[in-house]
Amino acid sequence: MMTPATVPTSHKLRVNGLMRRGLEALDPSRPIAFFCECGSAGCSQTVWLTRQEYDERKASPGWAALAPGHRRTEQRGWAAA
């Protein structure tokens, strides 16, 4: 069974998108806990953003929901600093 700590980045990206769409009826100013999209298989940290913040930032090429101290890697995903 996969846990958040072992879920590959592509799954975290997909789950974040599904959570965003699934919480459409939520108050837009209420923060949502998204998975950190770094590439570390051991990362289970959350990134709190409102729907609007997530949408605005996701529209920027190369942006990802990253926990403090986490960064992009050269490859597909992200990694802890």
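The values are calculated or read from the model by the stated rules, or taken from the named source; none is laboratory data. Source: prediction; values computed, not measured. Here Cβ is always computed from backbone atoms with ideal geometry, including for glycine, and neighbour counts include all displayed protein chains.
In table form, for the structure just shown:
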item	result
Long-range neighbours under 6 Å by Cβ, at least six apart or interchain, first residue among the hydroxyl-bearing types (Ser, Thr, Tyr) within segment 52-65, second modelled with pLDDT under 90	Tyr54/Arg20
Count - residues of segment 22-36 that are among the small types (Gly, Ala, Ser) and modelled with pLDDT under 85	2
Residues (of a type outside the set (A, V, I, L, M), within 14 Å of Gly17 (Cα to Cα) and part of a loop (DSSP other than H, G, I, E, B)) located in segment 41-73	Thr50, Trp63
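To keep it simple, each residue is scored yes or no on (1) surrounded by 13 or more Cβ atoms within 10 Å (Cβ to Cβ); (2) touching a helix residue (DSSP H, G or I) at 6+ places or on another chain (Cβ under 9 Å); (3) at pLDDT 85 or above.
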| residue | (1), (2), (3) |
| --- | --- |
| Pro4 | yes, yes, no |
| Arg20 | yes, yes, yes |
| Cys38 | yes, yes, yes |
| Gln45 | yes, no, yes |
| Leu49 | yes, yes, yes |
| Tyr54 | yes, yes, yes |
| Ser60 | no, no, yes |
| Ala64 | yes, yes, yes |
| Gly69 | no, no, yes |
